[in-house]
Amino acid sequence: MIETLRRMAGNALAIAQIRLELLGIELQEEKQRIAALLAFSLAAGLLLACAVIALGLALTILLWDSHRWLGIGLALLIYIAGGLWALANAVNLARAPSTLFTASVAELKRDRAALRGDDGSPSASGADASAPSAHP
């Protein structure tokens, strides 16, 4: 009996170790993804900012002799529209739920279900498998 308990404890520890390793791997992948996302976002932001500024200057220079205020106003509208678009995307990203540790949580739920003997089948959840279905 003690040997059985030791084996069960060993199995439980092995499962816990595997799940912790999975958590570590997911965390490492998320860190790498965030670092790459940050680097590419900063590069894109810097380059696009330069392009938008150059566009505004070109538009202002083009219309300087005839409609200088129109050129400045259009450049300002481009800057405001771009800023509002970026702000809306940032807010949407901030509100989106994180997918960090989803695989680990799913594995832990499966482990818990397996330990309870619940395999997700209709007979294990209390439904009678032999009863006729209401849907044809």
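The values are calculated or read from the model by the stated rules, or taken from the named source; none is laboratory data. On a predicted model such as this, the values are computed, not experimentally measured, just so you know. Cβ placement follows ideal geometry from the backbone for every residue including glycine, while neighbour counts extend to all protein chains displayed. Keep in mind that these areas ignore ligands, DNA and RNA; they rest on the heavy atoms of the full protein, side chains included. Shrake-Rupley method; radii C 1.70, N 1.55, O 1.52, S 1.80 Å.
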_Within segment 77-120, considering residues that are outside any helix (DSSP H, G or I) and out of contact with any Asp or Glu (no Cβ under 7 Å at 6 or more places or on another chain), the one modelled with the lowest pLDDT_ = GLY120
*Given (1) aliphatic (A, V, I, L, M); (2) touching a residue at least 24 places away in the same chain (Cβ under 8 Å); (3) over 25 Å from ARG112 (Cα atoms), index of the condition LEU84 fails*: (2)
*Which ones in segment 7-30 are of a type outside the set (Lys, Arg), surrounded by fewer than 11 Cβ atoms within 10 Å (Cβ to Cβ) and more than 23 Å from the chain's Cα centre (by Cα)?*
MET8, ALA9, GLY10, ASN11, LEU13, ALA14, GLN17
*Would segment 121-135 turn up any residue that is modelled with pLDDT of 75 or more and of a type in the set (Ser, Thr, Tyr)?*
no
*asked:* Conditions first: (1) out of contact with any Leu (no Cβ under 6 Å at 6 or more places or on another chain); (2) without any contact (Cβ under 8 Å) to a residue 60 or more places away in the chain; (3) at negative phi. ALA75 passes all but one, so which condition is the exception?
replied: (1)
*Can you tell me how many residues in segment 85-101 are open to solvent by 80 Å² or more (accessible area, probe 1.4 Å) and under 9 Å from the mean Cα position of the chain (by Cα)?*
4
*asked:* Could you list, ordered by first residue, the pairs with Cβ atoms under 8 Å in which the first is in segment 16-40 and touching a residue at least 12 places away in the same chain (Cβ under 8 Å) and within 24 Å of ALA94 (Cα to Cα) and the second is of a type in the set (A, V, I, L, M, F, W, C) and assigned to a helix (DSSP H, G or I), at least 6 apart or interchain?
replied: GLU26/ALA103
